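Data block below; observations after.
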Amino acid sequence: AAATNAIAKAINSGKHEITRDIWLPLVWYSLLTFLSKALKEAQSLIYIKVQQAAYIEIADTTFAHLHSLSLDWHLKKKLGNVVRSMDRGIAAAQQTMQYVFLYLVPTLVEAFAVVLIFVFHFENLRLAVFVGLNLFLYIYVTIKVTLWRKGFRAASTQKDNELHDRLTDSLINYETIKYFAAEPYERREYRSVVEKFQKFSMSVQASLSILNVGQQMIINFTLAGGMILSAVQVVQDPNPNLGNFVAINAYIINVFTPLSFLGTIYNMVISALVDMRSFGQLLAETAEIVDKQGAPELDTTVKNGQAMVEFRKVSFNYAKQPLMRSVKEVSFQVKRGGSMALVGTTGAGKTTITRLLFRFYDVMAGQVLVNSQDVRTVTQRSLR
């Protein structure tokens with residue numbers, strides 16, 4: 001505002017020669033314009049430290065949370081989907097803070113301030129009302145169209161998840177694909193997912209173009225109407241003030257310049273919220289196997305005559321697993337320093353026995369004992 005008023009003062013002071021009344025406001029205009037840009041860059045530099053600290057905390061918390069979840073969750077979850085949701089979620093949390101507090105809020109405050117300047121400084125109520133109504137229309141149209149675009153963005157996000165999940169799954173199962181010579185099939189499936197993703201990406205871009213055109217129409221209409229109202233005020237004033245005409249034009253352009261990015265900013269915020277919803281669902285996952293409150297650490301004291309590892313009539317089956325393939329009343333003992341081999345066909349329960357020993361799952365009946373202590377009564381960390 002100070003820079004714009006300075007240029008108006010320079011115009012009002014001008015005659016037919018360069019005087020101090022002309023060049024001093026021009027110098028102030030240049031300095032204030034530079035100061036505005038410099039402070040904006042300083043703001044970004046200061047925010048980087050906050051941004052980096054927040055990123056580290058969110059990434060660390062998410063990583064620790066994923067490792068705290070049960071083995072069953074990790075076996076059932078699609079790795080590509082999880083990794084993509086984590087990456088986008090962390091970036092979305094960062095972008096939301098950045099766009100809301102560094103761009104959106106200052107832009108709206110500046111727009112409100114310009115309307116007040118038209119009322120109290122230029123004493124042009126009609127101009128203030130006209131610009132204020134068009135600002136409201138601009139914001140309303142931006143929000144409505146962006147909400148309409150939200151559906152395209154959500155669909156694009158889903159296809160992006162499927163794309164990365166398909167790629168990750170295919171590369172992880174490289175050996176199996178080679179066994180069955182399934183490369184052509186995998187290629188067709190991957191190409192199909194990529195084409196669907198590009199289709200929704202096109203919809204996202206097309207809807208953005210519609211928003212940009214609508215915004216530009218409102219900006220040009222406001223600029224034309226504002227200049228007409230300003231010109232009327234200058235003509236009707238017994239002491240014409242050309243500087244005010246130029247200043248009002250500059251104010252309107254300046255207030256809509258950051259607002260021209262409002263659609264992009266709002267879209268980024270909405271997109272970030274969509275990504276954060278998926279990220280929030282990831283963080284909302286809870287571990288099925290948890291330590292009891294106040295659980296002690298495993299006592300590793302050597303006790304003569306006691307088995308180091310003991311299974312007592314242990315029964316267990318996975319969810320949706322046929323009962324005929326479940327572990328039923330398994331009992332055995334392994335003393336300290338001893339060894340035992342588990343022999344059987346695929347699916348006989350060898351891996352399951354190991355998972356129960358390390359308490360990746362809880363038994364449905366019986367007990368798993370280590371040094372005569374039920375593994376469910378001690379902390380998982382000390383057990384493993």
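The values are calculated or read from the model by the stated rules, or taken from the named source; none is laboratory data. Note that the structure is a prediction, hence the values are computed from the model and not measured. Reconstructed Cβ throughout: ideal geometry from the backbone, glycine too, with neighbour counts over all protein chains shown.
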query = Can you tell me how many residues in segment 139-157 are in contact with a Phe, Trp or Tyr (Cβ under 8 Å, 6 or more places away or on another chain) and either β-branched (V, I, T) or more than 12 Å from S271 (Cα to Cα) (or both)?
reply = 3
task = Being surrounded by fewer than 17 Cβ atoms within 10 Å (Cβ to Cβ) and not in a strand (DSSP E or B) is the filter here, so list the residues in segment 362-374 that pass it.
result = D362, M364, S372
ask   = Limited to segment 116-161, what total is found for residues that are touching a residue at least 60 places away in the same chain (Cβ under 8 Å) and closer than 24 Å to M276 by Cβ?
value = 13
query = If you scan segment 212-229, which residues turn out to be β-branched (V, I, T), surrounded by 14 or more Cβ atoms within 10 Å (Cβ to Cβ) and either more than 31 Å from the chain's Cα centre (by Cα) or under 13 Å from L127 (Cβ atoms) (or both)?
reply = T222
Residue check for K320: in contact (Cβ under 8 Å) with a residue 40 or more places away in the chain, at positive phi and not in a helix (DSSP H, G or I) = no
query = Counting only residues that are touching a helix residue (DSSP H, G or I) at 6+ places or on another chain (Cβ under 9 Å) and charged (D, E, K, R), how many does segment 188-211 have?
reply = 3
ask   = Right, I58: within 15 Å of the chain's Cα centre (by Cα) and touching a residue at least 40 places away in the same chain (Cβ under 8 Å) or not?
value = no
ask   = Considering L133, L171, which residue is at pLDDT 85 or above and within 30 Å of Q236 (Cα to Cα)?
value = L133
key: Failed criterion for S192 (all others in (1) modelled with pLDDT of 75 or more; (2) closer than 29 Å to I117 by Cβ; (3) surrounded by fewer than 17 Cβ atoms within 10 Å (Cβ to Cβ) hold)   = (2)
message = Testing R187 on (1) farther than 30 Å from F112 by Cβ; (2) of a type outside the set (S, T, N, Q); (3) modelled with pLDDT under 85, one condition comes back false. Which one is that?
response = (3)
request  = Would you mention how many residues in segment 129-187 are of a type in the set (K, R) and exposed (fewer than 14 other Cβ atoms within 10 Å of the Cβ)?
outcome  = 3
query = What residue, of L116, L108, L135, L127, is touching a Gly at 6+ places or on another chain (Cβ under 9 Å) and assigned by TED's automatic domain parsing to the domain that holds N244?
reply = L127
task = Return yes or no: is A295 within 30 Å of V83 (Cβ to Cβ) and either in contact with a Cys (Cβ under 6 Å, 6 or more places away or on another chain) or surrounded by 11 or more Cβ atoms within 10 Å (Cβ to Cβ) (or both)?
result = no
key: Residues of segment 67-81 satisfying the condition of being part of a helix (DSSP H, G or I), in contact (Cβ under 8 Å) with a residue 60 or more places away in the chain and within 16 Å of T286 (Cβ to Cβ)   = S68, L71, D72, W73
